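K.L.:
Here it is, the structure in full.
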Amino acid sequence: MTAPAPSHRFGVYIGRFQPPHTAHLRVMVEALENVGTLVVVIGSAHAPRTLKNPWTAGERQEVIGAMLREAGVDPARVRFAAVPDHPYDEDRWLAAVRAGVAAHTGEDGDVALIGHLKDDSSYYLRSFPDWPFLPTAVVSPLSATDVRRAYFAGELESVAGMVPPAVHAWLEAFRGTPEFAELEADAAWLRAAQAEAGTWPPLRVEALAAVRDPAGRVLLTRRDERPGRGLLALPGSEVLPSETLAAAARRAAAGALGVTPDDPALTLSPTPATVYDAPGRSPRGRVIAHVFGFEWTGATGAKEWTSPRDALAHPEAYFEDTHALLEQALSPAGPR
């Protein structure tokens, strides 16, 4: 008996796959019954390793390929596109997805979007009106968040029931890497912070400083605490009860520069601060950030001054959403 012809030449399945689990595999296998070639769009590419994004796009492509081969899927029918997050620029993210898909489909417009409208996190399925929507019949309570939580808590038996065998074998091997050790330590920090807080997430307000020198370079700091130890960040501080947001940002900038907050070479930009309050922007709790611009005309010394081009070249080197904040702070139009 001849298999029915696919309803579309290409299908697009968008996800973060951190990590891919059994329901993801079922959706992909089902999609390939309806499309000729499946383009798997791997989100959160070029992001730093965090408990939310532990694995690189390349690693996720590798493990997705392994689970599909294990399931008997012809690798020639699957393509991959890695797309970075643009959390404060939706149009740019949509354009990146389209560009990633077009790299495989070319001028062919016979493209369908595969997915399941389960909650607010599936909003993007309505953002490509020219791609017919193919709802999946796979409905599962599985969540990659639950997989990650169990994995970094050492509950490998639970993980084995959530992911295909090829994924479980890959995750077991990853446990032997230095990257896992860092993430495991961050997970222990998070569990301790949650226990200490009593209620979670705590509300935190922080002030960040985007400091520029006369050459246009930006001042960065490197975190020496968890989570995100070793990653780059903007100078910042939680706001003390006795100070304004601007004063907290000035204090953080001065500390990074090694001067006092009243140093006349440090001046506050007249542009109002930009507020970033996405509820899930930080694993440290409900953290609301206010980014202030400053100019520094004093000696630059041996601080971590970076040109805008270099600062934006390596998103994976930054803490949380710092790279996205820098994209806006360093844009010609200024923060939005």
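The values are calculated or read from the model by the stated rules, or taken from the named source; none is laboratory data. Keep in mind that what you see is a predicted model, and the values were worked out from it rather than measured. Because the Cβ atoms are built from the backbone with ideal geometry, glycine has one as well, and the counts that use them run over all protein chains shown.
K.L.:
Going by the structure shown, is A137 outside any loop (DSSP other than H, G, I, E, B), assigned by TED's automatic domain parsing to the domain that holds A23 and either surrounded by fewer than 16 Cβ atoms within 10 Å (Cβ to Cβ) or at pLDDT 95 or above (or both)?
P.N.:
no
K.L.:
Of E182, E238, which residue is acidic (D, E), out of contact with any Phe, Trp or Tyr (no Cβ under 7 Å at 6 or more places or on another chain) and surrounded by 14 or more Cβ atoms within 10 Å (Cβ to Cβ)?
P.N.:
Selected residue: E182, the only one of E182, E238 that is acidic (D, E), out of contact with any Phe, Trp or Tyr (no Cβ under 7 Å at 6 or more places or on another chain) and surrounded by 14 or more Cβ atoms within 10 Å (Cβ to Cβ).
For (1) over 21 Å from A23 (Cβ atoms); (2) surrounded by fewer than 17 Cβ atoms within 10 Å (Cβ to Cβ); (3) in contact with a Leu (Cβ under 9 Å, 6 or more places away or on another chain); (4) of a type outside the set (K, R), each residue gets a yes or a no:
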{"residue": "R98", "(1), (2), (3), (4)": "yes, no, no, no"}
{"residue": "A102", "(1), (2), (3), (4)": "yes, yes, no, yes"}
{"residue": "T105", "(1), (2), (3), (4)": "yes, no, no, yes"}
{"residue": "A112", "(1), (2), (3), (4)": "no, no, yes, yes"}
{"residue": "H116", "(1), (2), (3), (4)": "no, yes, yes, yes"}
{"residue": "A150", "(1), (2), (3), (4)": "no, no, yes, yes"}
{"residue": "V167", "(1), (2), (3), (4)": "no, no, yes, yes"}
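K.L.:
If you check every pair at least six apart or on different chains, which have Cβ atoms under 6 Å apart with a residue in the stretch 255-268 that is farther than 10 Å from V211 by Cα first and a residue that is surrounded by fewer than 16 Cβ atoms within 10 Å (Cβ to Cβ) second?
P.N.:
Sorted first by the residue in the stretch 255-268, then by its partner, the pairs are A265/T297; A265/G298.
K.L.:
Condition (residue is under 25 Å from V78 (Cα atoms), assigned by TED's automatic domain parsing to the domain that holds V27 and of a type outside the set (G, A, S)) applied to the stretch 151-162: is it met by at least one residue?
P.N.:
Within the stretch 151-162, one or more residues are under 25 Å from V78 (Cα atoms), assigned by TED's automatic domain parsing to the domain that holds V27 and of a type outside the set (G, A, S).
K.L.:
Residues that are without any contact (Cβ under 8 Å) to a residue 40 or more places away in the chain and in the same structural domain as P132 (by TED's automatic domain parsing): which helices (runs of 4 or more DSSP H) entirely in the stretch 1-108 hold 2 or more of them?
P.N.:
The qualifying helices (runs of 4 or more DSSP H) are 57-70, 90-105.
K.L.:
Take the conditions among the hydrophobic types (A, V, I, L, M, F, W, C), in contact with a Gly (Cβ under 6 Å, 6 or more places away or on another chain) and either within 28 Å of A289 (Cα to Cα) or not in a helix (DSSP H, G or I) (or both) and apply them to L183. Does it pass?
P.N.:
When the stated conditions are applied, L183 does not pass them.
K.L.:
Considering only the stretch 243-319, give the strands (runs of 3 or more DSSP E) lying wholly within it that have at least 2 residues that are under 25 Å from N53 (Cα atoms).
P.N.:
By residue number, 274-276, 286-296.
K.L.:
Has the stretch 134-143 got any residue that is of a type in the set (S, T, N, Q) and more than 21 Å from the chain's Cα centre (by Cα)?
P.N.:
yes
K.L.:
So for the stretch 307-317 (the condition being surrounded by 13 or more Cβ atoms within 10 Å (Cβ to Cβ), over 15 Å from R212 (Cβ atoms) and acidic (D, E)), does at least one residue qualify?
P.N.:
Yes; the residues of the stretch 307-317 include at least one that is surrounded by 13 or more Cβ atoms within 10 Å (Cβ to Cβ), over 15 Å from R212 (Cβ atoms) and acidic (D, E).
K.L.:
Same structure, new question: Conditions first: (1) of a type in the set (S, T, Y); (2) surrounded by fewer than 16 Cβ atoms within 10 Å (Cβ to Cβ); (3) touching a Leu at 6+ places or on another chain (Cβ under 6 Å). T260 passes all but one, so which condition is the exception?
P.N.:
T260 satisfies every listed condition except (3).
K.L.:
Quick one: S122 ticks every box in (1) at pLDDT below 95; (2) assigned to a loop (DSSP other than H, G, I, E, B); (3) touching a strand residue (DSSP E or B) at 6+ places or on another chain (Cβ under 7 Å) except a single one, so which number is it?
P.N.:
Just one mismatch for S122, condition (2).
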